[in-house]
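The values are calculated or read from the model by the stated rules, or taken from the named source; none is laboratory data. Fair warning: this is a prediction, and the values are worked out from it, not measured in the lab. A quick note on method: Cβ atoms are made from the backbone with ideal geometry, for glycine too, and the neighbour counts reach across all protein chains shown. Areas reflect the complete protein model, heavy atoms only, side chains present, ligands, DNA and RNA absent. Shrake-Rupley method; radii C 1.70, N 1.55, O 1.52, S 1.80 Å.
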Amino acid sequence: MKKIILLIASFLLLLYSCKKEKGTVTDQKKNAVENVIKSDTATHRVSEASTSSFKSNKPSDLVPAGYEIQYDAEGDLNLDGLSDRALVIRKKEDTLAARKMMILIKNIDKTYRLDKISDTVLPDEYNEAGYKMHDPEDISIEKGELNINLYDIGPYGNQFSRFKYLNRDLILTYIETYNMGAGSQPFIMSL
């Protein structure tokens, strides 16, 4: 009896998952990106098979519904001569929620493709009391490096990070922190 119930439940789940989605192509792309964005891919690329559905002429078309671009940096990350983009996105309705970093690589045909998504590259913008942890914050792409600079004169201190493309992966190559408070010491790590 348990096998029959399990078989019927599996069939219904399969039938439900095969249901066609309705909406515009842009809405479908945003929904697809939103599904991918739920998991962190800081060390893993978005699968090659799925990247063809995450292409657009405008980077903002790849931002999932309900999110807005907080920071945008442009430069050649993978050193192919084309200008790539790094976007920091956050939820429109909940600015206290964790932010995500999207890496968009420019193709020869001038479209952008989603290459990486991470929710671990940046710390939360606000602490649990609603205090902004770093101000100012900036990101930039220079000489094939993604630079993330976070400043705070308070207890959170400064954090400077650099990422480079190595073997088609975006790798943390440098991090420096300086924290205020009793017994604080600067921390520098370079790879």
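Table: residues versus (1) in contact with a strand residue (DSSP E or B) (Cβ under 6 Å, 6 or more places away or on another chain); (2) open to solvent by 30 Å² or more (accessible area, probe 1.4 Å).
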{"position": "133", "(1), (2)": "no, no"}
{"position": "139", "(1), (2)": "yes, no"}
{"position": "145", "(1), (2)": "yes, yes"}
{"position": "158", "(1), (2)": "yes, yes"}
{"position": "172", "(1), (2)": "yes, yes"}
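Residue count for region 108-131 satisfying the condition of being among the polar types (S, T, N, Q) and surrounded by 14 or more Cβ atoms within 10 Å (Cβ to Cβ): 2.
Name the single residue that is farthest from the chain's Cα centre (by Cα) among those in region 147-156 being open to solvent by less than 50 Å² (accessible area, probe 1.4 Å) and modelled with pLDDT of 80 or more. Among those that are open to solvent by less than 50 Å² (accessible area, probe 1.4 Å) and modelled with pLDDT of 80 or more, it is 152.
Does any residue of region 75-90 turn out to be closer than 18 Å to residue 133 by Cα and either touching a Ser or Thr at 6+ places or on another chain (Cβ under 9 Å) or open to solvent by 50 Å² or more (accessible area, probe 1.4 Å) (or both)? No: region 75-90 contains no residue that is closer than 18 Å to residue 133 by Cα and either touching a Ser or Thr at 6+ places or on another chain (Cβ under 9 Å) or open to solvent by 50 Å² or more (accessible area, probe 1.4 Å) (or both). Selection within region 86-121: residues that are modelled with pLDDT of 90 or more and acidic (Asp, Glu). The member of this set that is farthest from the chain's Cα centre (by Cα) is 109. In region 73-96, what residues are free of Cβ contacts under 8 Å to residues at least 24 places away in the same chain and either touching a strand residue (DSSP E or B) at 6+ places or on another chain (Cβ under 6 Å) or part of a strand (DSSP E or B) (or both)? Passing the criteria: only 83.
Whether a residue is under 26 Å from residue 141 (Cα atoms), open to solvent by less than 40 Å² (accessible area, probe 1.4 Å) and modelled with pLDDT of 90 or more was assessed, and residue 71 does not pass this test. Restricted to region 43-60, and to residues there that are open to solvent by 40 Å² or more (accessible area, probe 1.4 Å) and of a type outside the set (S, T, N, Q), the residue that is modelled with the highest pLDDT is 58.
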